[in-house]
Every structure is written in structure tokens, then in C-alpha cells.
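See structure below.
What follows is calculated from the coordinates using simple rules that are stated; it is not laboratory data. The model shown is predicted, which means the values in this text are computed figures rather than measured ones. Every residue, glycine as well, gets a Cβ built from its backbone with ideal geometry; the counts of neighbours run over all protein chains shown.
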Amino acid sequence: MELIYGVDHYKKRSQGLYLALGNFDGVHIGHQQLIDQAVKKAKDNQGLSAAFIFEPHPSKILHPEKAPKMLITAEKKARLLKERGLDILIYQHFNRDIAGWTPEHFAEEILVGKLGVKEVFVGFNYSFGYKGRGNPEILATLGRKWGFGVNIIDPVQFDGQLVSSSLIRQLLNKGDIKNAAVLLGYQPLLEAQVVPGENRGASLGFPTANLKFREDLILPGTGVYAGLITIQQKNYKSVINIGNKPTFHDDYPLTVEVHIIDFNGDVYGEEVELFFISKIRDEKKFAGIEQLVEQIRKDREQAIKITS
């Protein structure tokens, strides 16, 4: 997959361009249907499939106080889109000048002028242009004017609800890993770096890796989870704790600590991927160290069963 930063760096091709439009946070099963249709149409017509994504998410620029936490990084998004067979991914930096583009400007100057699209693919609730005034129907009208096709993808539902990044965030906040994974089409994950912590786990007989994560990424709700951690392309069973260490602190920043099962290597500085499989229990303040150690032992056994 060709990765292009900035639409001005795109050079028009002789093949028709079949373009998916959206933010695709999480590349969930609804996004996957849209991307797959663009990829298939491109292949059927000997064209090229592509996605055009504003980065950062427009809400981070326009309404930073309301901006949602992202499900995945831009880099992970690119890898997931590549796995679906996309030929080209265009990341366009978003700013307030772009926020002022009218729907007509976006269609004429970007879709036609810069990209020369053959067809575009959007979700049924896609919005674009100044204050989100553009919608799929307006896009279809502009397509007829400028000579490109518009494919509007039907909504995907799960248990009577519309599959969306927002719904997945709600599920993760509740610790509902199972249903979040169904909607994502893969296990929820966190990309992070291993950094020094308090080293308290080692003193208890259960050494942990302390993770530094981006604050704009969503975490599952506080609690203890069974999961897998990928270190240098190898997976290890893990117990994951998300919380504020209430047994040891009255007030402590939110942390993510991972007890890596059957692993004794030095991981400081490593970039890792953490996959959540299932929630084991809520976070709890224990009366003493012995109770905590006994509970950690049970959590470990539970995590081994869940990830086996």
C-alpha cells in the first residue's frame, strides 16, 4: 500500500480511482464493509482503491474539549487498511483553513481537481465541508455535476444498535471486551512503550511492565484484564491492570501495568502492542499485601485459562 501525506503529493494515475471517505477510527466492521466495497470495485474495473483521511481528527482542532479518545493510532489504522487490500492511503493534515472548505470546494478542488476520482464510497451518515453541511445526498448531486459515482454504504447493526466508533468506546468504558471485539472485528488493543515504574510488582513476586500510552487513545475501564502482549513480534499471555493502585495510594495517576506470564526479559524502552481478551474483575482496594498477592495469583491463573 502506498502511503501519501498531503493530497498535493498525489499524482493522478491512468487507472480509475475508487476512493473511500471517512475517518475510519478503529477500522471496525462497518468501516471494513465500506473499504471492502471500494477495493472490490477497483479490482473489478482494473482501477486503484484508496482512502482519504483527515489527520488529526477534525474534532481535535475544532472542539478539542469534546474530542473523543481514539481507538487506534494513525499508524495502526494504516496497517489495518493495508490488510484489507487498499492500494493507496492519503493522510491530509487538518486545520482551520480546511474546516472552512465548502462541500462544493471539496468535491471540485479535491475529489476532481487533485484526485480525479472515478467513484467515491461513504457511509450513510457521512458529513463533510464547512460545519459538516455536506452529506451523502449532496455528495451524490455533486458527483452527477462533476462526473464521478457515489456509493452510499448501508448502516451495519449489532444487537439493534448502529455499529460505530462511539458505541465501541462505550463498550470499552464498561469493560465489555467481548462485544467491543465483535464490533471491531479484532481484539481491542493499545500501542504503548514500556517505561520504569514503582517496581512494586517484583517485590510481590509478580513483576510488571509499566506502560506509557498516548493520552488521546482510549483505555478500557479500570479493572483487571486477561490479554496478550506482543514483544518483538512474539505474543505472551498477560494480566493487565488498569487503575490507580488503591491498595498503595489514596490518589495516584491512572496506570497500565502488565504482568507478562512466563517471561523474564528486559523490556524497558520496548514498543509493544497490548491486546485485551476479557475482563477478570473490577479494581479493588485490599486490606493488606497478603490478600493482594493471593488475588494476583488467582488473576494469573484466570488469565492463563482465558488466553489458552
key: Footprinting exposure proxy for Asp159, Asp36, Asp87 (fewest neighbouring C-beta atoms within 10 Å first)   = Asp159, Asp36, Asp87
query = Tally Lys/Arg at +1 and Asp/Glu at -1 over every other residue whose Cβ is under 11 Å from the Cβ of Gly47; what's the total?
reply = +2
ask   = Which length gain, in nm to one decimal place, applies between Phe248 and Asp8 when the Cα-Cα distance is subtracted from 0.36 nm times their residue separation?
value = 81.0 nm
task = Work out, step by step, the length gained on full extension between Lys178 and Arg281: first 0.36 nm times the residue separation, then minus their alpha carbon distance; give nm to one decimal.
result = 35.7 nm
ask   = What dipole magnitude, in Debye to the nearest 20, does the chain give about its Cα centre under +1 on Lys/Arg Cβ and -1 on Asp/Glu Cβ?
value = 580
query = Can you give the extra length, in nm with one decimal, that the chain gains between Glu290 and Leu62 once fully stretched, where that is 0.36 nm per residue apart less the Cα-Cα distance?
reply = 77.1 nm
query = If a helix is a whole DSSP H run, which ones in the chain reach 18 Å or further along their own axis (Cα) and hold a mean Kyte-Doolittle hydropathy of at least -1.0?
reply = 29-44, 289-307
Estimated distance in nm for a label pair at Glu108 and Arg133, the labels positioned 7 Å out from Cα along Cα-to-Cβ = 1.4
request  = Mind running the shape call on the range 97-205? Use the C-alpha gyration tensor, a ≥ b ≥ c as the square roots of the eigenvalues: rounded below 1.5 for a/c, prolate if a/b tops b/c, oblate otherwise.
outcome  = prolate
remark   = Taking His93, His28, His57, His63 and counting other beta carbon atoms within 10 angstrom, the fewest-first order is His63, His93, His57, His28
query = Hey, of [x] 27.7, 114; [y] 22.2, 73; [z] 19.7, 59, which did the structure itself give for Rg and Dmax of the Cα atoms in Å when calculated?
reply = [y]
request  = Please give the FRET efficiency for Arg297 paired with Gln233, using the beta carbon to beta carbon distance and R0 = 35 Å, rounded to the nearest 0.05.
outcome  = 0.75
